[in-house]
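Nothing in this text is a laboratory measurement; each read-out follows from the coordinates by a stated rule. In this text, all values refer to a predicted model and were calculated from it rather than measured experimentally. Glycine gets a Cβ as well: all are built from the backbone with ideal geometry, and neighbour counts include every protein chain shown.
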Amino acid sequence: MEIRNKVIEIIANTLNLPAEKISENTAIGDFEEWDSFRHIQIIAEIEKNFGFKFKTEEMIQLAGKVGEIIKATEQKL
């Protein structure tokens, strides 16, 4: 649960939105603030906070829902 909350916090902070607006079903494009540039920032922040790097093909797959980002983060740890 801690990983989930941290990922949501990173996404919310990067988008300047309250964490309560982000759920596992939230996806890129659901908010005007979440464009491709912000998506790259989100991935970079997750990598920095958790201390790993996603491969390029993994990053491409992360352009979906928050739940997929959480799952990928858990798998990397």
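Here Lys71 is the anchor, and the lysines within straight C-alpha reach of less than 16 Å, apart from those fewer than 8 places off in the same chain, are Lys6, Lys53, Lys55. With the simple spin-label model, which puts each label point 7 Å out from Cα in the Cβ direction, the Arg4 to Lys65 separation comes to 1.3 nm. Couplings for the stretch 40-48, taken from phi via the Karplus curve 6.51 cos²θ - 1.76 cosθ + 1.60 with θ = phi - 60°, read 5, 4, 4, 4, 4, 5, 5, 4, 5 Hz in order; Gly and Pro are left as x. About its Cα centre, the dipole of the chain is roughly 240 debye, where the only charges are +1 on Lys and Arg Cβ and -1 on Asp and Glu Cβ.
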